[in-house]
Amino acid sequence: MNRPVRRQAAHIAALALLLAGAFGAFAGAGAAVEAAVDANGQLEDHALQARFERITLELRCLVCQNESIADSNADLAVDLRRQVREMLVAGNSDDAIFSFMTDRYGEFVRFRPPLEAKTLLIWGAPFFMLLLGGFIVFRVVRQRSRMPLDDGPAIGS
Amino acid sequence: MWKFLLPFTAFVGLVVLFAFGLNPSRDIHALPSPLIGKPAPAFTLTDVLDPTRSVSSGAYQGQVYVLNVWGTWCAACREEHEALLAIASQHVVPIVGLVWKDDRDRAVQWLRQLGNPYQAVALDGDGRTAIDWGVYGAPETYLVDGQGRVIYKFISPMTPEVWQREFLPRIAAARRSGA
C-alpha cells in the first residue's frame, strides 16, 4: 500500500543526485581551463612556480572578467602576471601579493574574497538557498505523505 | 494565505532587483576604485613631448589636477579627445596625460594630429604606473585634490556633460576645502 510514497522517495533521491552532479560539474569546469602561455617561461624554483600558478588562478582578469589572469592573454593580464612573478621572486608572501592587488583593483579582483562582514552575503547565499530548497522539499513531501493513498488511478493515466 | 503571499513577495522582489540590476544607464563594467580618498600613487616618467625631461606627480602637489589615461590603440580615447580639448581650453585644472602601454612616436603623432589637451604627457610604456593606479581599461580619468588624494575616477570616454556634472562640482568642493 505504500508504493506511491516509495516512488516519491525515489524521485527525491534522483533529484538530489542530479543536484550533486551539477555541483560537481561546476567545480570541475574551473580546474579544466588551461593556463595562458607566458613568454617568460616557468620560474626555476618549482615551489615558486606552484605558488605563481595558484595565485594567478585566483586573480580576476578585469578586462575579461570571467577569466583569471592565469587564463587570459589580455595585455593587462600579462602585466599583472609579470607583477605577481616579480613580487614572488622578491620574496613577498601570498597575502602581500593579494593585498597589493586589492589595494589597487578592489576585492573584485579576487575570485575568492576573504570571508568578512561585507562578503557574508556572497558566501552565505548558496547555503541559504540550499536550506530554503531543502525546507520546501521537506514541506511538499510531508504534505503529500499525508494525502490518502487509495484515491484510485490519477486522471490521465 | 501565504500560498499567494509568498510568490507575490518573490515577484515584487525580482521586479525591484531587475529595476536596479538591468538598468541600462548603469555601466556594469565600471568597478568602484579602492583608491578613492587615498593618496594618489606617485610616479616619475618620461615626458612624451620632451624625452630629456620627466613628468612627476610631485610637480602637481598642492593643486587639483586631472589624470587622463589613454593610448593610441584605444578607439574610445579618440572619441573623447575632442571633449578633452574643449575642457583644456577652459583652463580650470591642469590635465596630465598618461600614455598607457604605447610607444612615444605613436603618442607624439597622435597629439600632433589631433591636438594636445595635456599640460604634460607621461609615458607608461610597460604599464607599471597604470597598475599602481588600478587602471584596467582606457580611457580612465582621475581627479586628484590639493592634498594629493584621488577623489574621483571616471571610466569611459569623457564628455562635456560628464565634465559638467561629475568633475566641476568636485573640483569646486576640493578647492573650497583646500583653501
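When Cβ neighbours within 10 Å are restricted to other protein chains, what is their mean count per residue of peptide A:104-110?
Details: counts 11, 8, 6, 3, 4, 4, 0.
Mean shielding count: 5.
If you wrap a convex hull around the Cα atoms of the range B:34-178, how much volume per residue is inside, in Å³?
96 Å³
Which of A:Arg85, B:Arg170 comes first, and how do the rest follow, when ranked by fewest Cβ neighbours within 10 Å?
The fewest-first ordering by Cβ neighbours comes to B:Arg170, A:Arg85.
Show that you can apply the helix-only estimate: for chain B, add -39,500 (n - 2.57) for every DSSP H stretch of four or more residues, divide by all residues, and state [θ] at 222 nm to the nearest 500.
Calculated at 222 nm, the ellipticity per residue is -11000 deg cm²/dmol.
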How large is ³J(HN,Hα) for each residue in the range A:103-116, as worked out from phi by the Karplus curve 6.51 cos²θ - 1.76 cosθ + 1.60 (θ = phi - 60°), to whole Hz, x for Gly and Pro?
4, 9, 10, x, 4, 4, 5, 9, 6, 10, x, x, 6, 9
Which of these, B:Val93, B:Val12, B:Val144, has the largest mean-square fluctuation under a Gaussian network model of chain B (Cα springs below 10 Å)?
B:Val12
Cβ-based exposure ranking for B:His81, A:His46, in which fewest neighbours within 10 Å come first:
A:His46, B:His81
Can you sort B:Val48, A:Val141 so the residue with the fewest Cβ neighbours within 10 Å comes first?
A:Val141, B:Val48
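Which translational diffusion coefficient, to the nearest whole µm²/s, is obtained for the range A:67-157 from the Stokes-Einstein equation, given a Kirkwood hydrodynamic radius over C-alpha pairs, 37 °C and 0.692 mPa s?
Estimated diffusion coefficient is 183 µm²/s.
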Determine by what factor the alpha-carbon radius of gyration of the range A:37-114 differs from 2.2 N^0.38 Å, reporting the quotient.
0.99
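We did not get these values from a lab; they are worked out from the coordinates using the rules stated. The model shown is predicted, which means the values in this text are computed figures rather than measured ones. Positions of Cβ are backbone-derived with ideal geometry, glycine not excepted, and every protein chain shown enters the neighbour counts.
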